[in-house]
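Notes follow the structure.
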Amino acid sequence: MAFQSYSEAHRDMVARTAEAVGLRLDDLDGVSFGPKSHKGPMKASADPNLDNLNSKLINVNSIEELKRIGGIPDSQFKEGNDRHLDYPDAVLTTDIMTAIERAKADDCALESFIAPQDLRKIDAAMLTFVNGDSEKVKGYEQVINALKFPGQILVTAGEDITVTPSNPLIIGENSPYVHGGLALFGTVTVEPGGQIQILIPVTFQASQLILK
């Protein structure tokens with residue numbers, strides 16, 4: 001289905017997200033995945049030996065940029081509808097400012113200076129910053145950026161993709177060092193028995209989802 005046939009709102013949604021990762025709508029036009037293009041699983045992976053969906057790695061310089069590209073806007077959580085999210089408290093045993101100063105921009109050294117229980121809280125804060133109300137974990141932003149960024153995300157995009165029992169979609173296999181992924185399609189069709197396996201945190205955007 002050509003993008004010209006989409007509603008203006010749906011077309012604009014895809015175009016805005018594509019632009020955020022350096023793509024144009026024309027780059028996605030005519031890119032179709034499914035039984036006609038693949039004989040087996042369709043894989044989006046940071047490992048070029050596994051990836052068969054022309055995925056690419058995008059550099060991301062901060063947690064705020066990651067949220068802007070693939071996160072959920074804070075405005076969606078102002079009604080208190082984020083009770084399902086586990087926001088970490090702001091109490092840490094590590095003196096974060098001292099740790100950052102000691103590390104001198106070496107993220108590996110910084111990790112060694114932070115207590116294990118605090119590292120777990122930082123990971124939780126990063127996840128909820130992107131997928132929840134970032135204001136509730138704003139105090140973690142500096143240490144997240146120092147510890148996790150710059151980094152990369154895995155981007156897979158196309159005009160449409162058809163998932164079948166013989167053509168499952170697998171996102172994130174052997175991709176341990178990316179900060180998540182973005183899957184962007186105009187139309188996603190899932191036929192009976194088709195499976196989508198998501199192995200890393202992924203934002204999945206589609207103008208149309210067809211479940212047969």
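The values are calculated or read from the model by the stated rules, or taken from the named source; none is laboratory data. Just so you know, these numbers come straight off a predicted model, no measurement behind them. Reconstructed Cβ throughout: ideal geometry from the backbone, glycine too, with neighbour counts over all protein chains shown. For the accessible areas, the whole protein counts, side chains as well, though only heavy atoms, and no ligand, DNA or RNA atoms are used. Shrake-Rupley method; radii C 1.70, N 1.55, O 1.52, S 1.80 Å.
Would you mind working out the accessible area per residue for the stretch 1-117, using a 1.4 Å probe, and quoting it in Å²?
On the way: 7380 Å² over 117 residues.
On a per-residue basis, 63 Å².
Shown for the chain: the carbon plus sulfur share of the solvent-accessible area, taken with all protein chains present and a 1.4 angstrom probe, equals 51%. Shape class for the stretch 167-212, computed from the alpha carbon gyration tensor (a ≥ b ≥ c): oblate, with a/c not under 1.5 and a/b at or below b/c.
Shown for the chain: lysine pairs separated by 8 or more places, or found on different chains, whose C-alpha atoms are under 15 Å apart, numbering 9.
Cα convex hull, the stretch 84-212: 128 Å³ per residue, rounded to a whole number.
Of all DSSP beta bridges located in the chain, what percent are antiparallel, nearest 5? Present the calculation step by step, with values, prior to reporting the outcome.
Numbers: 5 of 31 bridges.
Percent antiparallel among DSSP bridges in the chain is about 15.
Test of the criteria: in the stretch 5-80, which trypsin sites (Lys or Arg not before Pro) are in a DSSP loop and have at most 11 other Cβ atoms within 10 angstrom of their Cβ? For trypsin sites (Lys or Arg not before Pro) across the stretch 5-80 that sit outside H, G, I, E and B with at most 11 neighbouring Cβ atoms in 10 Å, the list reads Arg24, Lys36, Lys39, Lys78.
Overall shape: oblate for the stretch 41-106, with the ratio a/c of the largest to smallest alpha carbon gyration tensor axis at 1.5 or above and b/c at least equal to a/b.
Helices from the chain with mean Kyte-Doolittle at least -0.5 and a Cα length along the axis of 20 Å or more, per DSSP H: which? All intermediate terms of the calculation are to be shown ahead of the outcome.
Details: long enough: 116-131 (23 Å, -0.01).
Long hydrophobic helices here: 116-131.
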